[in-house]
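The structure appears below as structure tokens.
The values are calculated or read from the model by the stated rules, or taken from the named source; none is laboratory data. Predicted model, so just to flag it, every value in this text is computed and none were measured. Here the Cβ is made from the backbone with ideal geometry for all residues, glycine too, and neighbour counts use every protein chain on show. These area figures cover heavy atoms from the full protein model, side chains too; ligands, DNA and RNA do not enter into them. Shrake-Rupley method; radii C 1.70, N 1.55, O 1.52, S 1.80 Å.
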Amino acid sequence: MRHGTRIACTAALLLSLTTAPAAMAADADPTHVDGRLPSGATYMMDVPTTWNGTVLLFSHGYNAGPANPAQDAPDAPTKALLLQQGYALIGSSYASTGWAVTDAVPDQLATLKAFTIRFGQASRTIAWGRSYGGLVTTAIAERAPDEIDGSLSMCGLVHGGVANWNNTLDPVFALKTLLGSDVPLVNLPSQEAATDAANTLTAKVDSAQSTAEGRARIALATALHNIPVWNAPTQTRPAANDWDAQQANQYDAVKGLLKIAAFNRRQEAEVRAGGNMSWNTGVDYARLLGKSSVRKEVTALYKKAGLSLTKDLAALNRAPRVTADPAAVAWMGTTSSFTGKLAKPQLSIHTIGDPLVPVQTESALRRAVTAAGAAALLRRAYVDNAGHCTFSPAEQLAALHTLEDRLTTGSWQGADPASLNSRATEADPTTPTRYITYRPTPYLRPYDLAHPADRR
């Protein structure tokens, strides 16, 4: 790994560097450093007294603001375990909040340079992140492979930005069309307009949930996003043919999608992209449903409600379509989509019951990496739990140690569920170990830079 570029611009990178006094109180405590980059982003570093030589560069998830703190670990229990094991932890805020990949990647790399200046050269550097931070991590892996030795994405948006926004459009398009609403889905002029649209469509969903016909149509919409039937740790896991319980769980999740990503986050991303970056022109919704992981549930609920699924799918296919702004698609593709050209090993882990970033995103990543000829560098692993990023500390450390073994030996060893669970128990016997054998269905609307046909 080449490190020479990391030590450029020493004075600028150490701008506003401070060491927390409390960190100096006892030799046994990690050294804690806070600093600010020239971009305005802040960073934090925690380095144990007995550093094992590995630095973990953590990319945090989507932050809507206005608070914008730096983070160097996914959660406090995992952070404590990592420091006990001798890892140095670093991470930045990003210079802006929201869909900030153009700030996040350079800010993270600048934080890594600042670490090297202060603490010396790491023997190994691993980029890792979760949720939106998984997208940032994968971007670092593709764009700055000489700066890291490997990468770990957890519950990441590894399908990339264009695919994300297309797949977010489809369920709200179905809800708008089938439940009868005139809310704007794209080109939202302000956050206030986005909130109004979200509230209006959520009210339609709430009303529809009271009828069998409405519940069937909500299920169809959720199927177009592959929202799982068990998607929150607080939910009861429904039986394989308990269609009503499955739909009730999805109803909660689709409302979360409306309130979180479909309007407010979209509006912020559209501002960055300079327009609408998603489309459904040419999309055959009957074909998409045929590939969905929950299509059997939809068919059963339509039959129970006495509705024609064929007619509703035809209505979706006849409805006026959303056309993208080519310049916005180009911006999102260039900044936030992937070539699949991994140069260093990457492990990507996902819970199987993720409603916000469905597990099928892992199929999209594999598609890109395989097309780019880098499949041997990628491994994926799956945790049998519901919710977004609901990994235990044990599961996260097991993934890290598995990636480290790949870096040490040059081959993937112990990446199977049994080995991962054994590593997890060894790393932290107090928290769950739930890796399983799992194969996600295809991602419904993939878009990557390894497939020229994706570009429109």
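Here are Thr402, Thr408: which of them is part of a helix (DSSP H, G or I) and either among the hydrophobic types (A, V, I, L, M, F, W, C) or open to solvent by 20 Å² or more (accessible area, probe 1.4 Å) (or both)?
Thr408 is the lone residue from the list that is part of a helix (DSSP H, G or I) and either among the hydrophobic types (A, V, I, L, M, F, W, C) or open to solvent by 20 Å² or more (accessible area, probe 1.4 Å) (or both).
Report, by residue number, each residue of region 434-450 that is buried (at least 21 other Cβ atoms within 10 Å of the Cβ) and part of a loop (DSSP other than H, G, I, E, B).
Tyr443, Leu444, Arg445, Pro446, Tyr447, Asp448
Limited to region 259-279, what total is found for residues that are within 13 Å of Phe173 (Cβ to Cβ) and surrounded by fewer than 24 Cβ atoms within 10 Å (Cβ to Cβ)?
Within region 259-279, residues that are within 13 Å of Phe173 (Cβ to Cβ) and surrounded by fewer than 24 Cβ atoms within 10 Å (Cβ to Cβ) number 2.
Can we say Ile260 is within 26 Å of the chain's Cα centre (by Cα), farther than 27 Å from Trp331 by Cβ and touching a residue at least 40 places away in the same chain (Cβ under 8 Å)?
no
For region 358-381, which residues satisfy the criterion of being open to solvent by less than 10 Å² (accessible area, probe 1.4 Å) and closer than 22 Å to Thr78 by Cα?
The answer is Ala381, and nothing else.
Can you report the number of residues in region 221-242 which are acidic (Asp, Glu) and either buried (at least 17 other Cβ atoms within 10 Å of the Cβ) or touching a helix residue (DSSP H, G or I) at 6+ places or on another chain (Cβ under 9 Å) (or both)?
Qualifying residue count for the region: 0.
I'm trying to understand the selection: among the residues of region 33-53, which are touching a residue at least 24 places away in the same chain (Cβ under 8 Å) and in a loop (DSSP other than H, G, I, E, B)?
Correct list: Leu37, Pro38, Ser39, Gly40, Ala41, Pro48, Thr50, Trp51, Asn52, Gly53.
Identify all residues within region 71-94 that are surrounded by 19 or more Cβ atoms within 10 Å (Cβ to Cβ) and outside any helix (DSSP H, G or I); write none if there are none.
Gln71, Asp72, Ala73, Pro74, Tyr87, Ala88, Leu89, Ile90, Gly91, Ser92, Ser93, Tyr94
Would you be able to tell me the number of residues in region 165-220 that are open to solvent by 20 Å² or more (accessible area, probe 1.4 Å), under 25 Å from the mean Cα position of the chain (by Cα) and closer than 17 Å to Glu270 by Cα?
5
Of all residues in region 131-143, which are open to solvent by 10 Å² or more (accessible area, probe 1.4 Å) and touching a Phe, Trp or Tyr at 6+ places or on another chain (Cβ under 8 Å)?
Within region 131-143, Ser131, Glu142 qualify.
Among the residues of region 95-129, count how many are closer than 17 Å to Ala273 by Cα and either open to solvent by less than 10 Å² (accessible area, probe 1.4 Å) or assigned to a strand (DSSP E or B) (or both).
Of the residues in region 95-129, 5 are closer than 17 Å to Ala273 by Cα and either open to solvent by less than 10 Å² (accessible area, probe 1.4 Å) or assigned to a strand (DSSP E or B) (or both).
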